[in-house]
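Some notes on the structure that comes next.
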Amino acid sequence: MTGRGPIDIGGVKIWKAALDRATQERLMECVERIAEVAPFFHPETRGGRKMSVRMTSAGICGWVSDRRGYRYERRHPAGMPWPAMPTPFLDLWDRFAACDRAPESCLVNHYVAGVRMGLHQDRDEADLTAPVLSISLGDDALFRIGTLRRGGPTRSLWLSSGDVVLLAGEGRLVHHGIDRIRPGTSRIVPWGGRINLTMRVVTGGDASRSEAEAQD
Ligand code: MD6
Ligand code: FE
């Protein structure tokens, strides 16, 4: 059940309170298991600054950033492969993403007080027609949604634990970011703060799929 229909802001779909407490706890257990295998790290920007958000990933590839820039990699910066995409994550993709391709990566972001994520587009994936699905767990976060154009008008709304956001179709390349979290507003995350999961298809569409099939 997805409850009421989603809110639509500039093509970004938001389902408030879409996940019940038991589901949120199950997802959080998956995150804890991911972090045991592939510990959270502070990615570095190309300029050599550490990002304030901590990250890790699950799936066949994970998002990394360092002085060489950002990209998807098959391994964690410490060298281990990323843990497999947990089944409960795949279930959410099936429920919300309306995409015939499976997600190949789930980026796990951890926010604590003072951490923000600047306005950005998600465009490091080869197939920009595939959606990005985002799940919020833990403390409330002020989510800012802009337009396709940088510097356009923005609208903000609070995301809470159990909210689901989909960037698809005309909303896929909309600028968005997190201005701040409201610490202590949830107890779902055992370390405190907020966890955001973003699931994506990373590789190209039909061409790379038939290539992969040809190698089977
Ligand atoms: C966050 N979210 O909620 C940041 N990206 O912490 C994102 O950057 C995001 O919510 C792609 C699709 C949905 C998102
Ligand atoms: Fe994003």
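The values are calculated or read from the model by the stated rules, or taken from the named source; none is laboratory data. Owing to the predicted nature of the structure, the values given are computational and were not obtained by experimental measurement. Cβ: placed from backbone, ideal geometry, glycine included. Neighbour counts: every protein chain shown. Only protein heavy atoms, including side chains, enter the accessible area calculation; ligands, DNA and RNA are left aside. Shrake-Rupley method; radii C 1.70, N 1.55, O 1.52, S 1.80 Å.
Counted as qualifying within the stretch 1-63 are the strands (runs of 3 or more DSSP E) with 1 or more residues that are among the aromatic types (F, W, Y), namely 12-15.
Note on the stretch 47-59: among residues that are of a type outside the set (G, A, S) and in contact (Cβ under 8 Å) with a residue 24 or more places away in the chain, the one that is most open to solvent (accessible area, probe 1.4 Å) is R54. Filtered by the rule that a residue be at positive phi and in a loop (DSSP other than H, G, I, E, B), the stretch 69-87 gives a lone residue, G79.
When G62 is tested against (1) open to solvent by less than 10 Å² (accessible area, probe 1.4 Å); (2) away from ligand 2 (no atom under 15 Å from the Cβ); (3) more than 23 Å from K13 (Cβ to Cβ); (4) not polar (S, T, N, Q), exactly one condition is not met: (2).
If you filter the stretch 155-176 down to residues that are in a strand (DSSP E or B) and surrounded by fewer than 18 Cβ atoms within 10 Å (Cβ to Cβ), you find that the one that is farthest from ligand 1 (Cβ to nearest atom) is R155.
Could you tell me whether the stretch 25-43 includes any residue that is open to solvent by 50 Å² or more (accessible area, probe 1.4 Å), among the basic types (K, R) and in contact with a Gly (Cβ under 8 Å, 6 or more places away or on another chain)?
Scanning the stretch 25-43, I find no residue that is open to solvent by 50 Å² or more (accessible area, probe 1.4 Å), among the basic types (K, R) and in contact with a Gly (Cβ under 8 Å, 6 or more places away or on another chain), so the answer is no.
Taking the criterion of being in contact (Cβ under 8 Å) with a residue 60 or more places away in the chain and either over 25 Å from A98 (Cβ atoms) or over 15 Å from the mean Cα position of the chain (by Cα) (or both), the residues of the stretch 147-166 that qualify are T147, R155, L157. I'm trying to understand the selection: among the residues of the stretch 26-41, which are charged (D, E, K, R) and in contact with a strand residue (DSSP E or B) (Cβ under 6 Å, 6 or more places away or on another chain)? Answer for the stretch 26-41, where residues must be charged (D, E, K, R) and in contact with a strand residue (DSSP E or B) (Cβ under 6 Å, 6 or more places away or on another chain): there is none. In the set A17, A84, only one residue is at pLDDT 95 or above, over 24 Å from V112 (Cα atoms) and either surrounded by fewer than 16 Cβ atoms within 10 Å (Cβ to Cβ) or of a type in the set (S, T, Y) (or both); that residue is A84. In this structure, S136 qualifies as open to solvent by less than 10 Å² (accessible area, probe 1.4 Å), small (G, A, S) and within 30 Å of R74 (Cα to Cα).
Might you let me know whether the stretch 70-80 holds any residue that is of a type in the set (F, W, Y), open to solvent by less than 10 Å² (accessible area, probe 1.4 Å) and either within 16 Å of ligand 2 (Cβ to nearest atom) or without any contact (Cβ under 8 Å) to a residue 12 or more places away in the chain (or both)? It would help to see each step written out before you state the result.
Residues of the stretch 70-80 that are of a type in the set (F, W, Y), as a first pass: 70, 72.
Narrowing the set further to residues that are open to solvent by less than 10 Å² (accessible area, probe 1.4 Å) leaves none.
No.
The criterion of at least 1 residues that are more than 13 Å from ligand 2 (Cβ to nearest atom) is met by the following strands (runs of 3 or more DSSP E) wholly inside the stretch 111-154: 132-138, 140-145.
Figure legend. Inter-residue proximity from the stretch 120-138: first residues over 14 Å from A97 (Cβ atoms), second residues at pLDDT below 95 and surrounded by fewer than 23 Cβ atoms within 10 Å (Cβ to Cβ), beta-carbon distance below 6 Å, spacing 6+ or different chains. Indicated pairs: A126/T203; A126/G204.
For the stretch 61-81, the tally of residues that are at pLDDT 95 or above and within 15 Å of T198 (Cβ to Cβ) stands at 5.
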